[in-house]
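Engineer: Please find one structure pasted underneath; my questions will follow.
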Amino acid sequence: MKIIFKAIKLVIILLIVLSCNTITLPQSENKTSNNNLNKTLDLHAMAIKYEEINHNDLYTPLDTYNGDLTGYSADCPLCGGTLGCTGQNVLDGTTTYQDKDYGTVRIVASSKSMPCGSIIEFDGSVIKEEGTITAIVLDRGVLGTDLDLLVESEEYASTYIGRHLISYNVLRYGYKR
C-alpha cells in the first residue's frame, strides 16, 4: 500500500510540473521599427529641398562692410576698358558677368583687400533700382571698403548713382566659397 501511495504521489507531482510548463504567462509586447533603406523617395521633393539648402548656403553673408558706392564706365577718361582681374574688354557696354553659382551678376571694382571673384550683395534702392543687387569683384582701383559699380556710361553714373554710403554683405571671398 505504501508503494501505491508513493506512486500516486509521484504521478500527481509529475502532472503538476507538466501542467505548469503549458501555462503561458503574459509577456511584454515587442515593437519593431523599419530600418529598411529601400523606402520610396520623392525625388522631386528631394531636389527642391537640396536647391533650398544650396540657395540658403550661397546667400548666407560671410561678412558685412560699409563703404561708399560710386559708378564708373569702361570709357571713363582714366579707364583702359579692361577689367583688372580678368583682362576682359568691357568697352562694348558689358556690365554683367555670368557666374557659375550666382548666375548673372553686376560687375564692381574694389580695393585689393577684396579678392577677385568675391560676390557682394547690397540694397539696390540706394541707386533707385528694385531689389537686391548681387555683384562680383572683377576690377580694381578703389580704396578701402568702397565699391565702384560698372555702368553703361559716365553720364549714367553721375546722374543715377552718384556717391552713396552703403552697407554690403560678402557672400563669397574669391572664386570659391
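Engineer: Quick one: net charge around residue 165, please, counting Lys, Arg +1 and Asp, Glu -1 for every other residue with C-beta under 15 Å from its C-beta.
Structural biologist: Within the 15 Å Cβ shell, the charges total -3.
Engineer: Another question, then. How would you classify the stretch 64-172 from its alpha-carbon gyration tensor, with a ≥ b ≥ c the square roots of the eigenvalues: rounded for a/c under 1.5, else prolate if a/b is greater than b/c, otherwise oblate?
Structural biologist: On the way: a/c = 1.30, a/b = 1.09, b/c = 1.20.
Rounded.
Engineer: Taking the beta-carbon count within 10 Å as an exposure proxy, list 108, 11 from fewest neighbours to most.
Structural biologist: Taking fewest neighbouring Cβ atoms as first place, the list is 11, 108.
Engineer: Continuing with this model, one more query. Could you run the Karplus curve 6.51 cos²θ - 1.76 cosθ + 1.60 with θ = phi - 60° over the stretch 123-133 and give me ³J(HN,Hα) per residue in whole Hz, x for Gly and Pro?
Structural biologist: Coupling constants for the stretch 123-133: 6, x, 5, 5, 10, 6, 10, 7, x, 8, 9 Hz.
Engineer: Going by average Cβ density within 10 Å per residue, which order do the peptides 144-153, 87-96 take, highest to lowest?
Structural biologist: The densest-packed peptide leads the list: 144-153, 87-96.
Engineer: While we're here: Which stretch or stretches of the stretch 152-177 have amide N atoms under 16 Å from the point lying 7 Å from residue 125's Cα along the Cα→Cβ direction?
Structural biologist: The answer is 165-168, whose backbone nitrogens lie closer than 16 Å to the label point.
Engineer: Between residue 13 and residue 167, what is 0.36 nm times their sequence separation minus the Cα-Cα distance? Round to one decimal in nm.
Structural biologist: Once the chain is fully extended between residue 13 and residue 167, it gains 46.1 nm.
Engineer: If you don't mind, there's one more thing I want to ask. Scan around residue 149 for amide H atoms under 5 Å from its own, H built in the peptide plane at 1.01 Å from N, and keep only partners 5 or more places away or cross-chain.
Structural biologist: Amide H neighbours of residue 149, under 5 Å, 5+ apart: 70, 71, 72, 109.
Engineer: Using the number of other C-beta atoms within 10 angstrom as an exposure proxy, rank 114, 46 with the fewest first.
Structural biologist: 46, 114
Engineer: When Lys and Arg each count +1 and Asp and Glu each count -1, what net charge do the other residues less than 15 Å away from residue 90, Cβ to Cβ, add up to? Don't jump to the answer; show the numbers that get you there.
Structural biologist: Working: positive: 106, 140; negative: 75, 92, 139, 148, 152, 154.
Around residue 90, the surrounding residues sum to -4.
Engineer: Under a straight-distance cross-link criterion of Cα-Cα below 17 Å, which aspartates and glutamates are reachable from residue 6, leaving out those fewer than 8 residues away in the same chain?
Structural biologist: Cα-Cα hits under 17 Å: none found.
Engineer: Subtracting the Cα-Cα distance from 0.36 nm times the residue separation, let me have the gained length for residue 86 to residue 132 in nm, one decimal. Mind showing how you got there, number by number?
Structural biologist: Numbers: separation 46, 0.36 × 46 = 16.56 nm, distance 2.48 nm.
Between residue 86 and residue 132, full extension yields an extra 14.1 nm.
All of the numbers you see were taken from the coordinates with simple rules; none came from a lab. Quick caveat: nothing in here was measured; it's all calculated off a predicted structure. Backbone-built Cβ (ideal geometry, glycine too); neighbour counts: all protein chains shown.
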